[in-house]
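Taking it in order: structure first as structure tokens, then the write-up.
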Amino acid sequence: MILKRRLFSLACFSVLACAVCTTQSAGQSVLDVFPDSTVNVAPHPRGQTTFSADFIPSESLWDERLDERPVFLSEMAHAQDESNSFKLRIGQGGQIYSLRGPFGESVPPSWRSPGGKVSPWNDEVWQFVAVCSRYNGMDGRAYRKLPSETLQRIKQSPFGDTFFIHNSGAYIPGDSAVKSLYCPLLASAVNKKKRTFRMLNWGLVPQIKTIHRSPLLYYTQIRDAGDGVIELTWAVHNFSVRDDIVFDHLNAPWGGTRISSLPLRFVSAPDGKLLQREGFLSEYGTVDVRDTGGWNISCATDDDDSPSLALVYGRDRHLETELARKTSGQPYCQFKHSLYRDWRASEPFYKNKWKDWATRPENSFRNYDVCEIIPKIQIVPGSTIWFRSYLVVGNKRQAMQQATQLVDQVDYGLLTFDPATSPMMKVRLKKGAPVFETFSQPVPGTKPLLRIRNTKTDQEIVTTDPYFFVKKEQVDFGLPVDHRDHDYYRETVGYSMDQNSSDWQSLVGYAYENKPAVGNWQRLSSLFDTDAFPKPDAFHLDLWVKILPSE
């Protein structure tokens, strides 16, 4: 089964008034970036996996203001024993927004207090999150010496200054004209034989009005490994044009469980014993992953046969190797030991306002036990990292055993794609025009080329700037010229994502910023008219593509 929405295949697609056709060799795809899986379950206990792109409302209760239809992309269903069968729903933004098993719905209801902003499956889901610490907020510790006038301008601005990127979507203000906004889907595909769903999204800053640009592409792979094991793999590429946009605080993953379904949460000790979260984490807040056994488990009851869900996040498999590479000046991504964090959202309310949580409607309160894995991995401009972890659906005893066996399978690192072996995609502008090639993978020295349609004018362009059809306005915070970040904020632009005119259609491939020494390479501006390829600027780059001989 192949989902046609945002999928590159052997078919043609249209750009502007002309036809653009990509012709890849079989098996070559923009989604072929993931390292091979290493967990293989024997056929007998593997179970059956089916996929469906047909939307039927889930049986779960969500915040009453939310509409599930816009978020739904596909459902993965695993049928086996009563204890480990599940239905997993994949959202448009790359998130897992529903996971039903013998415990009922395990994903929180995305509840928010009436009257304020809503969170339509953009936060309380399983997802990857990346933070640019340097520019994440201007009113924190690093900015306490700012003049009061600057701080006042920041406070009064309608544009947010936090800089983190969701692999899901945006928060929606209560008075917003849009009801939801998910990370644009650029490609997706199902491989029934490998029991795998893959997708590619442009990650969004979740503040619908923001002064920051997202330069992240999220590749997500969800695989039913069998016997209740769900393999989660992310590859994340940073295509920033600025060298200082480094994402150095990651959540891989960010997620958690619905308390009304799975009220008990335990953390594994290095010796495999269960630790009470309340004592272990209330004392330390965050802990080194090696102070744990590399997994946690959420349970309906404390019985051995209780319906349960385990998260396997590993124990810094490559820490010493990565630190040695850093010290020796070699390419690296991990710079410190990783952290485990775990807490109950809005916990004080459970002692008064929600003390009847066990009997009240499950979508009438926050209902969220958070789990946050913080791998100390950096994503520098031009680099691609990957991270793999696991969820396990099963009874408590079984899930604990499987989780323990999976710890050493958690993996991560840098991905480097060789231009000599990376698959190429052929692109033709129109009949009789030259055929050029783009890389299907982010090889060094390239930038992603997107196809975007203006929903108001029907203009279609190819561009490196995903914000091309987003409303922009200048924002002056009055940052002093001697401030270390004046260069970043001196020409601040506010982006109104709720006022975009964009249909982000697909990834056309990756092309070079600088002309290679060998081969017939031409700039995009020489191949497109200005309607299809507008005048280049700091973010809309005039890349180099390889021209092929006439057919």
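The values are calculated or read from the model by the stated rules, or taken from the named source; none is laboratory data. Keep in mind it's a predicted model, so treat the numbers as computed, not measured. Note: ideal-geometry Cβ built from the backbone for every residue, glycine included; neighbour counts use all protein chains shown. In case anyone asks, the SASA skips ligands and DNA or RNA and just uses the protein heavy atoms, side chains included. Shrake-Rupley method; radii C 1.70, N 1.55, O 1.52, S 1.80 Å.
Computed quantities for the displayed model
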{"quantity": "Residue selected from the range 256-281 under the condition in a helix (DSSP H, G or I) and within 23 Å of Lys336 (Cα to Cα), by the criterion least open to solvent (accessible area, probe 1.4 Å)", "calculated": "Leu281"}
{"quantity": "Pairs where the first residue, in the range 100-112, is farther than 12 Å from Phe86 by Cβ and the second is in a strand (DSSP E or B) and at pLDDT below 95, C-beta under 6 Å, 6+ apart", "calculated": "Arg112/Val118"}
{"quantity": "Yes/no for Asp243 being assigned to a strand (DSSP E or B), modelled with pLDDT of 95 or more and either acidic (Asp, Glu) or more than 30 Å from Val205 (Cα to Cα) (or both)", "calculated": "no"}
{"quantity": "Check on Val470, touching a strand residue (DSSP E or B) at 6+ places or on another chain (Cβ under 9 Å), modelled with pLDDT of 95 or more and hydrophobic (A, V, I, L, M, F, W, C)", "calculated": "yes"}
{"quantity": "Any hit, the range 214-230, residues being under 23 Å from Ser110 (Cβ atoms) and open to solvent by 30 Å² or more (accessible area, probe 1.4 Å)", "calculated": "no"}
{"quantity": "Of residues in the range 398-457 being assigned to a loop (DSSP other than H, G, I, E, B) and among the basic types (Lys, Arg), the one most open to solvent (accessible area, probe 1.4 Å)", "calculated": "Lys431"}
{"quantity": "Strands (runs of 3 or more DSSP E) completely within the range 161-216 that count 1 or more residues being within 16 Å of Ser74 (Cβ to Cβ)", "calculated": "185-191, 196-202"}
{"quantity": "Unmet requirement for Asp304, which otherwise passes all of (1) closer than 24 Å to Gln378 by Cα; (2) touching a residue at least 24 places away in the same chain (Cβ under 8 Å); (3) open to solvent by 60 Å² or more (accessible area, probe 1.4 Å)", "calculated": "(1)"}
{"quantity": "Unmet criterion (only one of (1) in contact with a Phe, Trp or Tyr (Cβ under 9 Å, 6 or more places away or on another chain); (2) open to solvent by 40 Å² or more (accessible area, probe 1.4 Å)) for Met76", "calculated": "(2)"}
{"quantity": "Test: residue in the range 59-73 that is part of a strand (DSSP E or B) and closer than 30 Å to Thr416 by Cα", "calculated": "yes"}
{"quantity": "Residue check for Gly509: on the phi > 0 side of the Ramachandran plot, open to solvent by less than 10 Å² (accessible area, probe 1.4 Å) and not polar (S, T, N, Q)", "calculated": "yes"}
